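Take a look at the structure set out below.
The values are calculated or read from the model by the stated rules, or taken from the named source; none is laboratory data. None of these values were measured; they are calculated from a predicted model. Cβ atoms come from the backbone with ideal geometry, glycine included; neighbour counts cover every protein chain shown. Surface areas here come from the heavy atoms of the whole protein model, side chains and all, with no ligands, DNA or RNA. Shrake-Rupley method; radii C 1.70, N 1.55, O 1.52, S 1.80 Å.
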Amino acid sequence: MTLKILHRPPSVSDTERPVPRWAMRLAYALPLLLLPACLWRLPFALHFEMGQVQDGGLPAYWLSIPYVLGLSVLTEVVAILTIGLVRGWGETAPAWIPVIGGRRVRPMAAVVPAVLGGMILTFLFTAVPLGADRDLTLYGVVDSVGYSNGAWNALAMVVGTPLAAWGPITIVLAVAYYRRRAAAAPASVAG
């Protein structure tokens, strides 16, 4: 008996038209790409500063714990919802959803929120380091957080950098979803 460890996963064919392999991989990789940043945030809830040098005090535990946990969970939930752009439940609403369950999702009802969300995420997480603890962002030059040593700074960069890719990845997946769904619409009208 041989073990098939490196086998191909079963194809997901619950969409009207085939999803490009790159889009499927990118959508499923996004929650994993953001997971290190979510885990990095968790010690902040308990006031462990992860090497950051901060002037102000941290908020009380009753505020920091739910905020940090909620932010990490929300990040992963939104990243998982992006998978709907490559799966059938992004084309037909699941039956368990009240009122719209089982109905076809209009392409723009998924594309518009995904593109707007991707633009907001790009706006929030894009920064170019200028040096002297300052960053250039889309909304101006801001002071960045300093770290007690280079190791903490490097770790923060490694876990935080994928957040900058979140917005563009969402936009790319939304455009691929729109192109795939728009190409399927004339065929269904003609048939």
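Across every pair of different alpha-carbon atoms, what Kirkwood hydrodynamic radius in Å does the range 89-191 reach?
16.7 Å
Nearest 10 degrees, 0 to 90: what angle lies between the long axis of helix 61-81 and the longest principal axis of the chain (Cα atoms)?
On a 0 to 90 degree scale, this one is about 30.
At 222 nm, what helix-only mean residue ellipticity would the chain give, in deg cm²/dmol to the nearest 500, using -39500 (n - 2.57) for each DSSP H run of four or more?
Result for the chain: -19000 deg cm²/dmol, rounded to the nearest 500.
Hey, if we sort TYR139, TYR67 by accessible area with the 1.4 Å probe, largest down, what's the order?
Correct descending sequence by accessible area is TYR67, TYR139.
Rounded to the nearest whole Å², what accessible area per residue is found for the range 104-191 with the 1.4 Å probe?
Accessible surface, normalised per residue, equals 59 Å².
Express the carbon and sulfur contribution to the solvent-accessible surface of the chain as a percent, rounded to the nearest whole number, probe 1.4 angstrom.
Carbon and sulfur together cover 70 percent of it.
Could you order peptides 19-32, 165-178 by the average number of other Cβ atoms within 10 Å of their residues, highest first?
The packing order, highest mean first, is 165-178, 19-32.
Report the trypsin sites (Lys or Arg not before Pro) located in the range 79-161 that are in a DSSP loop and have at most 11 other Cβ atoms inside 10 Å of their Cβ, or state none.
Passing both the DSSP loop test and the Cβ count: ARG103.
Looking at the chain as a GNM with Cα springs under 10 Å, which of ALA132, ALA154, ALA114 has the largest mean-square fluctuation?
ALA132
If Lys and Arg each add +1 and Asp and Glu each add -1, what is the summed charge of the other residues whose beta carbon sits under 13 Å from the beta carbon of ALA174?
+3
For the chain, list log₁₀ I(q)/I(0) at each q in 0.15, 0.17 Å⁻¹, using the Debye formula over Cα point scatterers of equal strength and ignoring solvent, two decimals each.
Per q value, in the given order, log10 I(q)/I(0) is -1.01, -1.16.
Would you mind pulling out the separation of the Cα centroids of the range 111-190 and the range 67-105, in Å?
20 Å
Where does helix 107-125 land angle-wise versus the long Cα axis of the chain, in degrees 0 to 90, nearest 10?
Helix 107-125 sits roughly 20 degrees off the main axis of the chain.
Can you tell which of PRO168, ALA183, ALA114 lies farthest toward the positive end of the dipole of the chain, using +1 and -1 charges on the Cβ of basic and acidic side chains (Lys, Arg; Asp, Glu)?
Toward the positive end, the furthest listed residue is ALA183.
In degrees from 0 to 90, rounded to the nearest 10, what is the angle of the helix 150-160 Cα long axis to the longest principal axis of the chain?
It is inclined by approximately 20 degrees.
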